[in-house]
Amino acid sequence: MEKETIKQSLIDLQYNDDTEIAHIQADNILCQFLKELGYEDIVEEYDKIDKWYV
């Protein structure tokens, strides 16, 4: 993922009226980016944290 694509995706999510869905999608975008940077182990630990949304 390119920086500008990620940035634009996060900007677009700012206008999503469904806060829960917006946060889920933002989490997915950022976690995918971290994985691409080689931080899969960090994402794995993050995924173990209970979330109030599914």
Keeping to segment 21-54, report how many residues are among the hydroxyl-bearing types (Ser, Thr, Tyr), assigned to a loop (DSSP other than H, G, I, E, B) and surrounded by 10 or more Cβ atoms within 10 Å (Cβ to Cβ). 1
Expected single match for of a type outside the set (Val, Ile, Thr) and more than 13 Å from the chain's Cα centre (by Cα) among Tyr46, Tyr39 is Tyr39
Could you list all residues from segment 8-20 that are assigned to a helix (DSSP H, G or I) and either surrounded by fewer than 11 Cβ atoms within 10 Å (Cβ to Cβ) or modelled with pLDDT under 95 (or both)? Ile11, Thr19, Glu20
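The values are calculated or read from the model by the stated rules, or taken from the named source; none is laboratory data. Note that the structure is a prediction, hence the values are computed from the model and not measured. Reconstructed Cβ throughout: ideal geometry from the backbone, glycine too, with neighbour counts over all protein chains shown.
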